[in-house]
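Asks: Questions regarding the structure given below will be posed in turn.
The values are calculated or read from the model by the stated rules, or taken from the named source; none is laboratory data. Model, not experiment: these values are computed from the prediction. Counting neighbours? That spans all protein chains shown, and the Cβs are built from the backbone with ideal geometry, glycine included.
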Amino acid sequence: MIACTKDTAVVILSYNGRKWHELFLPLIVAEAHTGYEVIVVDNASTDDTLSYVQENFPSVKTLQIAINRGFANGYYEALNQIQAKYYVLLSADFEVTQGWFPPLINAMQRYTGLAACQPKVRYWREREYFEYAGAGGGFMDKWGYLFCRGRIFNDLEKDEGQYNDDIEVFWASGGCFMVRADLYHKMGGLDPDLYAHMEEVDLCWRLKNAGYKIGYIGQSTVYHVGGSVISYGSPQKLYYNFRNSLILLLKNEKTTKLLWLFPLRLVLDGIAGLQMMAGGKFKETATIIKAHFHFYGSLGKWLGRRKAAQKLVTHRDKSGIYPRSIIWQYFALRKKQFSKLKWEPKRLD
């Protein structure tokens, strides 16, 4: 058990991440004086990640996990061994900036009911642009599809200061995710069986269903390399996109909505598979089918998770839910920037 002497533990889950630590850990450690401790969790790496960190960063505390069971399970195991008031889950392929932390901790202390938040996430390779994983804050449309300010599907916006505000969102990026430790544990933490994708959305949804707020803090900026663990556009990512999306809906959506939403999502997923097949992407179509079979094959387990999640519901906060279809807006109406949606998220207060 690691008991932090500061309120915040910045916890970096790492698998064969030495190259990222060489690049990014020096500034993370240099900024620790602003109020946090750094903990690197080695997720059963097969390289010398752990010894490199221990030898070169003596102020950094370390944990080692014996078996790599993925991102969600790695954090699930690690955070059960770390005592702090706040956690920041920071992926190894994130570069922080000078002064990145104070706006986040100030927001957690200032805004009533704020359970978790994220900074602005920009693209490490094209630094003027927002990045896929979180961008300017995460949202969900009325049919359960996820998108961000600054990134709708694969279209990235240039950051021109348009999202420097503090707002309520539906979900915060798991790549740089600050959360109150007591609420994290009260809500059951990350679902280890999601493996790696949307696990932070699931946790945010549970927090919102319990009456808490999720925030985006625009005065804090970090950069994300992206695709360093599961490549964007890969069959593996496609699989988790489709499977985990169904799991999230089943666990967290109200029953009356599920009765019509689930059949609709089956139709839409089928259309997506047919479109890929028509484009010669047979492997991708097979991946979607596989995701559905695996979801229904474990339906009993997911229904059990739904039962546990529904016991924690006190108030279904709809802030951060876009009241229209993002698919229709994007593909039919060609609205590829958030500003074109003519919809404003709620400011934090």
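Asks: Could you grab me the full set of residues in the stretch 50-78 that are part of a helix (DSSP H, G or I) and farther than 23 Å from Gln236 by Cβ? Lay out the reasoning, then the answer.
Replies: Quick first cut of the stretch 50-78, residues part of a helix (DSSP H, G or I) only: 50-56, 71-78.
Selection gives Leu50, Ser51, Tyr52, Val53, Gln54, Glu55, Asn56.
Asks: What residue, of Ile247, Ile214, is closer than 17 Å to Trp143 by Cβ, surrounded by 17 or more Cβ atoms within 10 Å (Cβ to Cβ) and within 16 Å of the chain's Cα centre (by Cα)?
Replies: Ile247
Asks: A follow-up question, please. Just the residues that are surrounded by fewer than 18 Cβ atoms within 10 Å (Cβ to Cβ) and out of contact with any Leu (no Cβ under 8 Å at 6 or more places or on another chain), please, taken from the stretch 62-84.
Replies: Ala66, Ile67, Asn68, Arg69, Asn80, Gln83
Asks: Filter the stretch 149-161 for residues that are in contact (Cβ under 8 Å) with a residue 60 or more places away in the chain and touching a Gly at 6+ places or on another chain (Cβ under 8 Å); which is farthest from Thr256 (Cα to Cα)?
Replies: Glu157
Asks: Among the residues of the stretch 329-344, write down those that are under 21 Å from Gly161 (Cβ atoms) and surrounded by fewer than 12 Cβ atoms within 10 Å (Cβ to Cβ).
Replies: Matches in the stretch 329-344: Lys342, Glu344.
Asks: Regarding the stretch 314-328, can at least one residue be identified that is part of a helix (DSSP H, G or I) and loosely packed, with under 14 Cβ neighbours inside 10 Å?
Replies: So far as the stretch 314-328 goes, yes, one or more of its residues are part of a helix (DSSP H, G or I) and loosely packed, with under 14 Cβ neighbours inside 10 Å.
Asks: Which of the residues that make up the stretch 288-313 are more than 22 Å from the chain's Cα centre (by Cα), in a helix (DSSP H, G or I) and of a type in the set (S, T, N, Q)?
Replies: Scanning the stretch 288-313 gives no hits.
Asks: Is at least one residue of the stretch 220-236 buried (at least 20 other Cβ atoms within 10 Å of the Cβ), out of contact with any strand residue (DSSP E or B) (no Cβ under 6 Å at 6 or more places or on another chain), of a type outside the set (A, V, I, L, M) and part of a helix (DSSP H, G or I)?
Replies: Within the stretch 220-236 (the criterion being buried (at least 20 other Cβ atoms within 10 Å of the Cβ), out of contact with any strand residue (DSSP E or B) (no Cβ under 6 Å at 6 or more places or on another chain), of a type outside the set (A, V, I, L, M) and part of a helix (DSSP H, G or I)), the answer is no, since none of the residues qualifies.
Asks: On to the next question. Answer yes if at least one residue in the stretch 250-269 is part of a strand (DSSP E or B) and within 30 Å of Thr112 (Cβ to Cβ), and no otherwise.
Replies: Taking every residue of the stretch 250-269 in turn, none turns out to be part of a strand (DSSP E or B) and within 30 Å of Thr112 (Cβ to Cβ).
Asks: Across the stretch 124-139, which residue is nearest to the chain's Cα centre (by Cα) among those that are buried (at least 22 other Cβ atoms within 10 Å of the Cβ) and part of a strand (DSSP E or B)?
Replies: Gly138
Asks: Would you confirm whether or not the stretch 188-207 contains a residue that is surrounded by fewer than 20 Cβ atoms within 10 Å (Cβ to Cβ), part of a strand (DSSP E or B) and modelled with pLDDT of 95 or more?
Replies: The answer is no; no qualifying residue exists.
Asks: So, one more: Mind listing whichever residues of the stretch 63-116 are among the polar types (S, T, N, Q) and farther than 26 Å from Glu131 by Cα?
Replies: Correct list: Gln64, Asn68, Asn80, Gln81, Gln83, Gln109, Thr112.
Asks: Sticking with this structure for a sec: Among (1) outside any loop (DSSP other than H, G, I, E, B); (2) modelled with pLDDT of 95 or more; (3) under 30 Å from Glu284 (Cα atoms), there is one condition Tyr240 misses while meeting the rest; what is its number?
Replies: (2)
Asks: Oh, and also: Please go through the stretch 291-308 and pick out each residue that is free of Cβ contacts under 8 Å to residues at least 12 places away in the same chain and within 16 Å of Lys254 (Cβ to Cβ).
Replies: Residue satisfying the conditions is Lys307 alone.
Asks: Could you pull out the residue among Gln54, Gln109 that is polar (S, T, N, Q), free of Cβ contacts under 8 Å to residues at least 12 places away in the same chain and closer than 27 Å to Asp166 by Cα? Reasoning before the result, please.
Replies: Working: Gln54 fails: closer than 27 Å to Asp166 by Cα.
One residue alone meets the criteria, Gln109.
Asks: So which of Gly273, Gly211, Gly320, Gly215 ends up being touching a Cys at 6+ places or on another chain (Cβ under 8 Å) and not acidic (Asp, Glu)?
Replies: Answer to the check: Gly215.
Asks: Would you point out the residue of the stretch 41-52, among those that are of a type outside the set (Ser, Thr, Tyr) and touching a Gly at 6+ places or on another chain (Cβ under 9 Å), that is farthest from Gln83 (Cα to Cα)?
Replies: Ranking the candidates gives Asp47 first.
Asks: Still on this structure: Looking at Gln162, Gln109, can you tell me which residue is part of a loop (DSSP other than H, G, I, E, B), of a type in the set (S, T, N, Q) and surrounded by fewer than 19 Cβ atoms within 10 Å (Cβ to Cβ)?
Replies: Working: Gln109 fails: part of a loop (DSSP other than H, G, I, E, B).
Answer to the selection: Gln162.
Asks: Please tell me if Ala32 is on the phi > 0 side of the Ramachandran plot and of a type in the set (A, V, I, L, M).
Replies: no
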